[in-house]
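Reviewing the structure listed below.
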């Protein structure tokens, strides 16, 4: 999205995206933009990885170049601690996981939100920073603590200058280089924190936002019931439509797939319209019907040739919306 749209209430509005990678990328870019607009300095905090058992890795895998590449991994693979974090004063932030067991009792948990109000550096690092007026600087050592003002006012949080502050200190957390195989353990030291300028639709479930930028994918992408649910979550985070901005045109069929089967049949049972057995039977029949229709459609043509679009010529005379496949509007198939 062009920067010209990021003003007013949308200057700090999060991008809500169906997938993690684009949301994470947007967070980093907008954190840099935030620093430029505030004319604030960026201090890059770099995580530290320690191999638990060097016998499990080859000498090449333990090289400095290879270990530095681990810093680019998404925090979901590294126990919630990102390789790089841009420390900017007053930066909106969110927790990627619960920092220490029991913090959730203070309202500090995964996806809890707040603002970075300050930090404490080691004396030697403070001296280096004071002598180097660069707009961006990578810290040699991680800060002693970060001071996060939480959006909630939990009574167990420390009050500093009248603000509910959570003091976040360095955390060591284990992650595995080989993923679910869990044969190559690594310990990472850093902060389970990320800029709060974006996230997945499911990460924002239950939250009301002052403003939101929703990305519902491209108009030619084939929609599914799962992407429809994600789109619904994105569009319903705000209280009024003028606080919602859609990043790009989306598929006209995205919200024409019917209600999600699970919630729909649950409500029908709770309302007494169906018994539990009837709901399960209808749900199974609906899933079987959708599977057959999907298979038949794929065999007849490929997406987006059969994507249905509103036909204005056909609709206007009858004052009804008539939909035709995309192939009806083109002389050749879309590739």
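Taken together, the values in this text are just the output of simple stated rules run on the coordinates, not laboratory data. A quick note: this is a predicted structure, and the numbers were derived from the prediction, not measured. Don't worry about glycine lacking a Cβ; one is built from the backbone with ideal geometry, like all the others, and counts go over all protein chains shown.
Counting only C-alpha contacts under 8 Å and six or more residues apart, can you give the relative contact order of the chain as a whole percent?
About 19 percent, as a whole number.
Once both labels are modelled 7 Å past Cα along the beta-carbon direction, what's the residue 33-residue 68 spacing in nm?
It is 2.9 nm.
For the residues 255, 191, 204, what sequence is obtained by ranking on other C-beta atoms within 10 Å, fewest first?
Numbers: 255 14, 191 27, 204 20.
Sorted ascending by nearby Cβ count, the order is 255, 204, 191.
What's the extension gain from residue 134 to residue 240 if we count 0.36 nm per residue and subtract their Cα-Cα distance? Display every interim value, and only then the final one.
Numbers: separation 106, 0.36 × 106 = 38.16 nm, distance 4.15 nm.
Using 0.36 nm per residue and subtracting the Cα-Cα distance, I get 34.0 nm.
Given the options 186, 45, 148, which has the most mean-square fluctuation in a GNM of the chain, springs set between C-alpha atoms less than 10 angstrom apart?
Ranking 186, 45, 148 by mean-square fluctuation puts 186 first.
Taking only Cα atoms and a 10 Å spring cutoff, compute GNM fluctuations for the chain and point out the largest among 75, 196, 55.
55
Quick one, which of (i) 22.1; (ii) 23.6; (iii) 21.0 is the actual Kirkwood radius over Cα pairs in Å calculated for this model?
Read-out from the structure maps to (ii).
For an R0 of 25 angstrom, estimate the FRET efficiency from the Cβ-Cβ distance between residue 153 and residue 100 and round to the nearest 0.05.
On the way: r = 20 Å, r/R0 = 0.82.
The formula returns an efficiency of 0.75 here.
Take the chain, connect every pair of alpha-carbon atoms lying under 10 Å apart with a spring to form a Gaussian network, then pick out the residue of 182, 321, 38 with the largest mean-square fluctuation.
321
Work out the FRET efficiency for residue 144 and residue 303 from their Cβ-Cβ distance, taking R0 = 56 Å, and round it to the nearest 0.05. Walk me through the numbers before you get to the answer.
Working: r = 54 Å, r/R0 = 0.96.
Here the calculated transfer efficiency is 0.55.
By how many degrees, between 0 and 90 and to the nearest 10, does the Cα long axis of helix 20-38 differ from the longest principal axis of the chain?
On a 0 to 90 degree scale, this one is about 60.
Can you pull a Stokes-Einstein diffusion coefficient for region 19-200 at 37 °C (0.692 mPa s), Rh from Kirkwood over Cα pairs, as a whole number of µm²/s?
Numbers: Rh = 17.3 Å.
So the translational diffusion coefficient is about 190 µm²/s.
Sort 97, 205 so the one with the fewest other Cβ atoms within 10 Å of its own Cβ comes first. Show your work: numbers first, answer last.
On the way: 97 17, 205 11.
With the sparsest Cβ surroundings first, the list reads 205, 97.
Roughly what would the spin-label model give for residue 207 and residue 120, points 7 Å off Cα along C-beta, in nm?
2.8 nm
Can you give the extra length, in nm with one decimal, that the chain gains between residue 267 and residue 292 once fully stretched, where that is 0.36 nm per residue apart less the Cα-Cα distance? Write out the running numbers ahead of the final one.
Working: separation 25, 0.36 × 25 = 9.00 nm, distance 2.59 nm.
Residue separation times 0.36 nm, minus the Cα-Cα distance, leaves 6.4 nm.
Rounded, prolate or oblate for region 155-217? Axes are the square roots of the Cα gyration tensor eigenvalues, ordered a ≥ b ≥ c, and the cut-off for rounded is a/c under 1.5. The partial results should precede the final answer.
Values: a/c = 3.10, a/b = 1.18, b/c = 2.62.
In terms of gyration-tensor shape, oblate.
What is the distance in Å between the Cα centroid of region 14-79 and that of region 230-253?
The distance from the Cα centre of region 14-79 to that of region 230-253 comes to 29 Å.
Multiply the residue gap between residue 77 and residue 180 by 0.36 nm, knock off their C-alpha separation, and tell me the result in nm, one decimal place.
Length difference between fully extended and current span is 36.1 nm.
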